[in-house]
Every structure is written in C-alpha cells, then in structure tokens.
Amino acid sequence: ETTNLDITDKMQKLKFGDEEEKQLSKEAKEDEVQIGEGVQTWKRNQESSFLCSTKSWDDEEMAIPEKIKQALRDAEVLRPSKIQATTIPLVANDVTRSVVVQSKNGSGKTFAFSLCSLLRIDPDEKGLQILILAHTRELVSQIWDQIQILNKYTEYYITQVRREDKKPQVGQITVMTAGKC
C-alpha cells in the first residue's frame, strides 16, 4: 500500500538527484511524530505539506473547547502550525495517549503539548493530573507561560514549582525541574 509519505519521498527523488537529496536531508531538519509505542512514524521535510491537513482551530478533528479557542484568538494564534495540526487531533480524539515529537525550535511543540495537557484535565478532579518536568528553570517558566495563555478562560489550577518555594503548591498541572532548581 502506498502512502502520501511514500509519494512525497518519490517526488523528492525525482526532483533532486541522489546526491542532492542526501545533501538536502543533511541540511533540512525533519519533523518526526511517533504515535503510541512506535506503531506508526511519519517523517517529513519542513517544505512538505503532508502533515498540514488542519487549517483552523475550529476544525472538528481538533476537538478544542470554546474556552481554549477564545484564548487562542486573544493570543492571536489564528491557526495551528504543522506540528500542532498533526499532534493535537491524535490526543484530542483519543487516538493515542503517547506521542513523541521532534521538530525545529519555534515550530510549536510546547504549545501543542500544553494544549494537549489541558485537553486531558478532568475539571472535577482537583488533585495533580499532569506533571511536566523540564531540565532548566528557564524552560519551566516558558512552558508555564504557554499553558497560562491557553488557560485564560478555563478554571484549571496550574502551578510552577520554584527553588524558593518552601511548601510548593501542586495544581492539576504542575511544571517543575527535577532535583535542585
């Protein structure tokens, strides 16, 4: 069975010679999305439009609640990036609980997993539901900021644990570094 990815690869080989293709693949970063436990993997070149099937946050397959859509509009995030258009429907529609994403800086990965985290929250359960660990304090702060943008109209309790916190508060989503901050 031929997939869109196979066709894209064949088109790349026709468009570029083998040597040019090798050079292109060295220079261009690939995005990778692994679904579940490695069941399916898609790779694509940044220029490929294969993974950009969703054009709007309002598309049914995105399954985003209106409160989060309003926060997206307020933040002037008018449409999902390619990586967001690929990963968010997988989590929003319960296709999988495990997604591994590799992409360039600035492609929207943090926003994607932040939004997916909010989609997984049970509003009736007030205890810790999602723990996000980052390797630096700066990254913790960046992640927390992204979640706060999306959480503007929801009533979820999001916390950030800092080194100076003697008795840190734990929210429905908690963002922190492991070990000493």
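Condition (residue is of a type in the set (Lys, Arg) and either within 15 Å of the chain's Cα centre (by Cα) or at pLDDT below 85 (or both)) applied to the range 126-147: is it met by at least one residue? Let's see the steps before the verdict.
First pass over the range 126-147, keeping only residues of a type in the set (Lys, Arg): 126, 137.
Next, from what is left, pick out any that are either within 15 Å of the chain's Cα centre (by Cα) or at pLDDT below 85 (or both): none.
Within the range 126-147, none of the residues are of a type in the set (Lys, Arg) and either within 15 Å of the chain's Cα centre (by Cα) or at pLDDT below 85 (or both).
Across the range 132-176, what is the total count of residues that are surrounded by 13 or more Cβ atoms within 10 Å (Cβ to Cβ) and basic (Lys, Arg)? Steps first, answer last, please.
Taking the range 132-176 and keeping what is surrounded by 13 or more Cβ atoms within 10 Å (Cβ to Cβ), we get 132-134, 137, 139-154, 156-162, 168, 170-176.
Now narrow it down to the ones that are basic (Lys, Arg): 137, 152, 162.
The total comes to 3.
If I filter the range 66-87 for residues that are outside the structural domain of Pro168 (by TED's automatic domain parsing), without any contact (Cβ under 8 Å) to a residue 12 or more places away in the chain and either touching a Pro at 6+ places or on another chain (Cβ under 8 Å) or within 30 Å of Ala178 (Cβ to Cβ) (or both), do I get at least one hit?
Within the range 66-87, none of the residues are outside the structural domain of Pro168 (by TED's automatic domain parsing), without any contact (Cβ under 8 Å) to a residue 12 or more places away in the chain and either touching a Pro at 6+ places or on another chain (Cβ under 8 Å) or within 30 Å of Ala178 (Cβ to Cβ) (or both).
May I ask you to list the residues in the range 161-176 that are under 19 Å from the mean Cα position of the chain (by Cα) and more than 15 Å from Glu125 (Cβ to Cβ)?
Val175, Met176
Can you tell me which residue within the range 59-79, out of those that are assigned to a loop (DSSP other than H, G, I, E, B) and modelled with pLDDT of 90 or more, is surrounded by the fewest Cβ atoms within 10 Å (Cβ to Cβ)?
First, pick out the residues of the range 59-79 that are assigned to a loop (DSSP other than H, G, I, E, B): 59, 63-65, 75-79.
Those left that are additionally modelled with pLDDT of 90 or more: 64-65, 75-76.
Numbers: Ile64: 22, Pro65: 13, Ala75: 13, Glu76: 6.
Step by step, filter the range 59-79, then rank; the result is Glu76.
State the number of residues belonging to the range 55-109 that are touching a strand residue (DSSP E or B) at 6+ places or on another chain (Cβ under 9 Å) and aliphatic (A, V, I, L, M).
Of the range 55-109, the ones touching a strand residue (DSSP E or B) at 6+ places or on another chain (Cβ under 9 Å) are 82-83, 86-87, 90-91, 95-96, 98-104, 107, 109.
Retained after the next criterion (residues that are aliphatic (A, V, I, L, M)): 83, 90-91, 95, 99-101.
So the count comes out to 7.
The values are calculated or read from the model by the stated rules, or taken from the named source; none is laboratory data. Here the structure is a predicted model, which means the values were calculated and not measured. Positions of Cβ are backbone-derived with ideal geometry, glycine not excepted, and every protein chain shown enters the neighbour counts.
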